[in-house]
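Rule-based calculations on the coordinates, nothing more; no lab input. Not measured: the values here are computed from a predicted model. So basically every Cβ, Gly included, is an ideal-geometry build from the backbone, and we count neighbours across all protein chains shown.
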Amino acid sequence: MNKIFLLIMAAAILLSGCVDQTNKTVKSGDNISVDYIGSFEDGKVFDTSIESVAQANELPPRGVYEPLKFKVGQKPPAVIEGFDKGVIGMKKGETKILKILPEEAYPIDPSMIQVSPIIFDIPATMTIPKELDIPRVQFEEFYGENHSIGDTVLYPDSNINITIKNISSQVSVVRNLIKGSNVWILNSPWNQTVTKVDDKNITLKPNVTKNELIQLYGAPFSITVVDINATNITIRYNPIPDTTVELPGMFGQMVPTKISFNETSMIMDQNPEVAGKTLIFNVTLVSIDK
């Protein structure tokens, strides 16, 4: 009888390391993997780890579709705060719906929003230096190598000729403009006329007229010249329905930008689509690795 008891005890000790996986629950510090579907409150899916769901919702394709792996409770969090908290207590194979408010997801970043008045003034004239220095590397990138003092080249995408005065680590050039010259630069909203030239500066005036409608290059909206006087030109942005376009971001990359108007302002918002919104995640726990 004692032998049988000892055998049972030995077996219990040997099997004590075989914990039932179904009883494991997610705790802070666990490494886990999950499949997920992220959507807005209106049901629009914006992200998923599941290829068939991505295809069904016409999301941009990604290289690999696989469960999301991360360490719960990591500092800083590996995922958004509400997601990190929401998976705690889940069991393998369990599916859970997480409703995450913006403050635990993607708060709006005010620095990504630019607000401009609909009506504003610009100077009626602008003054530019007659001479300028261009780093030699940059000059040769645009105009090629083996130039000499006295050579004249055409400023890129314009009708402005410049003459080389000196060459060192900097290339000194002079703009060849005279009073009355009509100046154009590619993609500029208007041409300009040279109104004054002295030893140091060149003064230009935009060639616009009152009530003129101008379509800005690359912009979905137009502007109207409201008024012109000796000092200022008054411009008005012409409102359009809310739209999203690609515009240069902080580091020069193209960023989706939401453009909207109110009675007094034009708002350009480069926050991502998920910012400031309550997010719904359908999460299935695939694995727990203690």
If r is the Cβ-Cβ distance from Arg136 to Val115 and R0 is 25 Å, what FRET efficiency results, to the nearest 0.05?
0.05
Amide H to amide H under 5 Å from Thr195: which residues, 5+ apart in sequence or cross-chain, H placed 1.01 Å off N in plane?
Gly180, Thr203, Leu204, Lys205
Asp289 to Phe261: extension gain in nm, 0.36 nm per residue of separation minus the Cα-Cα distance?
5.1 nm
Amide hydrogen neighbours beyond the local backbone of Leu59, cut-off 5 Å, H modeled:
none
Rounded to whole Å, give me the distance from the Cα center of segment 26-68 to that of segment 216-239.
45
Within segment 26-118, GluC sites (Glu not before Pro) in DSSP loop having at most 16 other beta-carbon neighbours inside 10 Å:
Glu41, Glu58, Glu94
Using amide H atoms built in the peptide plane, which far-off residues or other-chain residues are under 5 Å from Val255 H to H?
Leu247, Gly249
List the equivalent ellipsoid semi-axes of segment 21-155 in whole Å, largest first, each obtained as the square root of 5λ for an eigenvalue λ of the Cα gyration tensor.
54, 23, 17
How many nm separate the modelled label positions at Asp157 and Lys91, each set 7 Å beyond the Cα in the direction of the Cβ?
6.2
Please compute the length gained on full extension between Ala124 and Asp42, using 0.36 nm multiplied by the number of residues separating them and subtracting their Cα-Cα distance.
24.7 nm
The answer for the net charge of residues other than Gly180 whose Cβ lies under 14 angstrom from its Cβ, with Lys and Arg +1 and Asp and Glu -1, is +3
In degrees between 0 and 90, to the nearest 10, how far off the longest principal axis of the chain does helix 2-15 point, with axes built from Cα atoms?
10
For a quick check, take a GNM of the chain with Cα springs below 10 Å and name the residue from Ser168, Ser49, Ser181 with the largest mean-square fluctuation.
Ser168
Would you mind calculating the gained length between Gln55 and Phe221 on full extension (0.36 nm times residue separation, minus the Cα-Cα distance), in nm to one decimal?
56.4 nm
Which of Lys200, Lys130, Lys91 moves the most in a Gaussian network model of the chain with Cα springs under 10 Å?
Lys200
Springs between alpha-carbon pairs under 10 angstrom, Gaussian network model over the chain: which of Ser33, Ser260, Ser148 fluctuates most?
Ser148
Using DSSP to define loop residues, name the chymotrypsin sites (Phe, Trp or Tyr not before Pro) in segment 220-286 whose beta-carbon has at most 16 other beta-carbon atoms within 10 Å.
Phe221, Phe251
Answer label, with Cα extents along the principal axes in Å calculated from the coordinates and candidates (i) 117, 52, 31; (ii) 53, 51, 38; (iii) 54, 42, 34
(i)
